[in-house]
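Presented below is the structure to which this report refers.
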Amino acid sequence: MQYYRYYLPQHPQPRFVTAVTEFIGDAYAVNDSLVMIGLDMFLGENFSGYNPDYFPQYLRRQFSKEFMPTKVALALSSRVVGPPPGEQILDYMINNGKILHLMDLLLPQVPDSMKMGYTQAQMEGCYVNEQETWARLLDMGVLYQPLSSKNQKIVMPSPTADNVFQEAPGEIGNWIGWQIVKAYTQRHPDESFEEMLNLRNAQQFLEKAKYKPKRVK
């Protein structure tokens with residue numbers, strides 16, 4: 001909350017309440033000043049109440065108390081950033097990249113892998129293959145497609161985004177969106193956080209970011 005007050009001084013400081021949700025949700029911003037935390041979603045990935053038919057392993061891996069700050073930061077950041085401005089994949093990528101950027105500001109000591117919900121190996125793979133992943137997304141022509149069942153793995157929770165690469169983890173597009181936001185903030189260091197958030201046109205944001213991933217040697 002110290003970081004929240006620093007980066008978002010105009011926003012009210014939220015209260016936190018805990019509840020047993022009967023496995024409905026982990027953390028949710030009810031409004032600008034109230035966040036609910038579902039304690040029953042942090043009982044450990046091997047808790048017998050987590051039916052694997054409803055909660056696959058890639059989700060259960062995050063059902064531990066260590067992920068509680070990350071899930072709370074996700075709830076707060078999603079509330080601040082708001083929904084995507086459009087229905088194209090690029091809209092989701094940039095919007096979710098802003099959410100991850102704010103999470104990073106709120107939790108600077110938390111590993112990127114936890115913010116993404118990835119294993120360490122998946123996270124390392126993202127950095128190693130960043131250039132190839134961006135090139136593949138461009139080759140697919142997917143950035144300006146509307147969100148659909150065929151491409152939602154790129155920006156929605158999923159065990160894999162195998163339509164990008166066989167080994168690509170789900171939400172790989174959100175991670176690329178995060179890198180685009182990082183590039184934007186580096187090129188526009190004098191812009192306030194709120195100014196960056198208020199640039200809602202995803203295409204303009206991409207153009208101003210001038211994102212060019214480097215190949216890892």
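The values are calculated or read from the model by the stated rules, or taken from the named source; none is laboratory data. These numbers come from a predicted model, not from an experiment. Positions of Cβ are generated from backbone atoms using ideal geometry, with glycine treated the same way; all protein chains shown enter the neighbour counts.
I need the full set of residues from the range 181-217 which are over 17 Å from Asn95 (Cβ atoms) and of a type outside the set (D, E, K, R), in order please. Selection gives Gln186, His188, Pro189, Ser192, Pro213, Val216. With respect to (1) in a helix (DSSP H, G or I); (2) of a type in the set (A, V, I, L, M); (3) surrounded by 18 or more Cβ atoms within 10 Å (Cβ to Cβ); (4) free of Cβ contacts under 8 Å to residues at least 40 places away in the same chain, the lone exception for Ala161 is condition (1). For the structure I just gave you, tell me whether Asn46 is more than 22 Å from Lys115 (Cα to Cα) and in the same structural domain as Leu76 (by TED's automatic domain parsing). Criteria not met by Asn46. Can you run down the residue pairs with Cβ atoms below 9 Å, 6 or more apart or on separate chains, where the first is in the range 165-181 and among the polar types (S, T, N, Q) and the partner is outside any helix (DSSP H, G or I)? Here the result reads Gln166/Thr160; Asn174/Val155; Asn174/Met156; Gln179/Tyr211; Gln179/Pro213, each pair linking the range 165-181 to a residue that is outside any helix (DSSP H, G or I). Only one of the listed residues (Arg187, Arg215, Arg200) is touching a residue at least 60 places away in the same chain (Cβ under 8 Å) and exposed (fewer than 15 other Cβ atoms within 10 Å of the Cβ). That residue is Arg215. Step by step: first the residues of the range 5-18, then only those that are in contact with a strand residue (DSSP E or B) (Cβ under 6 Å, 6 or more places away or on another chain) and without any contact (Cβ under 8 Å) to a residue 40 or more places away in the chain, then the one that is surrounded by the most Cβ atoms within 10 Å (Cβ to Cβ). Which residue is that? Per the stated criteria, the residue is Thr18.
Here the condition is being part of a helix (DSSP H, G or I) and either assigned by TED's automatic domain parsing to the domain that holds Ile172 or at pLDDT below 95 (or both); of Ser77, Ser113, it holds for Ser113 alone. Quick check: anything in the range 86-97 surrounded by fewer than 17 Cβ atoms within 10 Å (Cβ to Cβ) and assigned by TED's automatic domain parsing to the domain that holds Met196? Within the range 86-97 (the criterion being surrounded by fewer than 17 Cβ atoms within 10 Å (Cβ to Cβ) and assigned by TED's automatic domain parsing to the domain that holds Met196), the answer is yes, since at least one residue qualifies.
Condition check ((1) touching a His at 6+ places or on another chain (Cβ under 7 Å); (2) more than 25 Å from Thr70 (Cβ to Cβ); (3) not charged (D, E, K, R)) across all residues:
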| residue | (1), (2), (3) |
| --- | --- |
| Pro111 | no, no, yes |
| Lys115 | no, no, no |
| Cys126 | no, no, yes |
| Glu132 | no, yes, no |
| Arg187 | no, yes, no |
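Residues in the range 139-155 that are without any contact (Cβ under 8 Å) to a residue 40 or more places away in the chain and in a loop (DSSP other than H, G, I, E, B): Gly141, Ser148, Ser149, Lys150. Under the condition of being within 21 Å of the chain's Cα centre (by Cα) and either in a loop (DSSP other than H, G, I, E, B) or under 16 Å from Met41 (Cα atoms) (or both), the residues counted in the range 1-10 number 2. When the residues of the range 71-119 are filtered to those that are more than 18 Å from Tyr184 (Cβ to Cβ) and among the hydroxyl-bearing types (Ser, Thr, Tyr), which remaining residue is nearest to the chain's Cα centre (by Cα)? Among them, the one singled out is Ser78.
Out of all the residues in the range 165-187, which are in a helix (DSSP H, G or I) and either under 10 Å from the mean Cα position of the chain (by Cα) or under 10 Å from Asn96 (Cα atoms) (or both)? It would help to see each step written out before you state the result.
Going residue by residue through the range 165-187, those that are in a helix (DSSP H, G or I) are 172-187.
Listed by number, the residues that qualify are Ile172, Gly173, Asn174, Trp175, Ile176, Gly177, Trp178, Val181.
Would you confirm, using the coordinates I've provided, whether Pro52 is touching a Lys or Arg at 6+ places or on another chain (Cβ under 7 Å) and surrounded by fewer than 17 Cβ atoms within 10 Å (Cβ to Cβ)? So Pro52 does not fit the description; no.
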